Amino acid sequence: MPSPRSSRERRGGSGGRLEFLSLSQRGPAAPDSPSRRREPAGAAAAPLPEEDCMKLNPSFLGIALSSLLAIDLWASKRLGVCAGEGSAWGSARPLMKVIEVSGHGIPWLLGTFYGLCQSDSSAAREVLLNLLFALLLDLVMVAVVKGLVRRPRPTHNKMDMFVTISVDKYSFPSGHATRAALVCRFVLRHLVLAVPLRVLVVLWALIVSVSRVMLGRHNMTDVLFGLLLGYALYGVVEHCWLSPATAPALFALWSH
Ligand SMILES: CC(C)=CCC/C(C)=C/CC/C(C)=C/COP(=O)(O)O
């Protein structure tokens, strides 16, 4: 007995939504349904719609990307040697957590704000105001990318981080790595430091970044992208550099 739907279609009735099977256009039949697969003998095969091609013939780029992600997950899990107290280097976890706090947004924001309030030279005020701007820009950019990508944190991560915001349940990119790269570039450019201190700043940024994977907080690609993002964000900060000439109202707030 014909179904009510098929009889409606044959009638061409106007009550329901009509679905037509055309030879030249893509009809509602599933891509691998018998009606699609059976070609008349000798007829040239109709080109597959783009999305079907992607499903059936995964591109080289797709395979390369999935392999890279698989390697990333595997290697990051192996490197997560401080992910828990019972992990291979579990005894180093408290030290790793101190390093984590050294790259956290709150101490950097509070410290910069405090320095700004205490600064007694216009040069210091200018640099610290721009550092504050850089830190806030970094927080916003990381939150936007985390919210768009929504990559979950590694399964071996224990969510016991010092103050977090909602998007910090996601792992791409690492906020600590972006901040470390941004602050490192900023400090090397705007603070006059002796060479050993400059080396220490670079080492600090590297240790903060590596510790994200060792703590099991991130996969390696989260950290690598975070470093690139932080490095690039410094370029934005320099491009938008705030000065008494470009932002007089802001500087008026801080002049004693
Ligand atoms: C002004 C304001 C909204 C401050 C929020 C500071 C804050 C809670 C930042 C979050 C820092 C954090 C936990 C980042 C996550 O780093 P990952 O390396 O784990 O991505």
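Remarks
- In this simple spin-label model, placing a label point 7 Å from the Cα along the Cα-to-Cβ direction at both L95 and R78 gives a separation of 2.3 nm.
- Amide H contacts of Y170: none lie under 5 Å away among residues 5 or more positions distant or on a separate chain (H built 1.01 Å from N in the peptide plane; Pro and chain starts excluded).
- Cα-Cα separations in segment 105-182 greater than 17 Å, expressed as whole percent: 51 percent
- Paramagnetic label zone (point 7 Å from Cα along Cα-to-C-beta, I165; backbone N under 15 Å) in segment 92-128: 104-110
- Length released on extending from T155 to I106, taking residue separation times 0.36 nm less the Cα-Cα span: 15.1 nm
- Centre-to-centre, using Cα atoms only, segment 109-175 and segment 234-255 are separated by 19 Å.
- Computed over segment 90-254, the ratio Rg/Rh where both radii use C-alpha atoms and Rh is Kirkwood: 0.99
Computed from the coordinates by the stated procedures, all read-outs in this text should not be read as laboratory data. These figures come from a predicted structure and were not determined experimentally. When we count neighbours, we look across all protein chains shown, and the Cβ atoms used for this are built from the backbone with ideal geometry, even at glycine.
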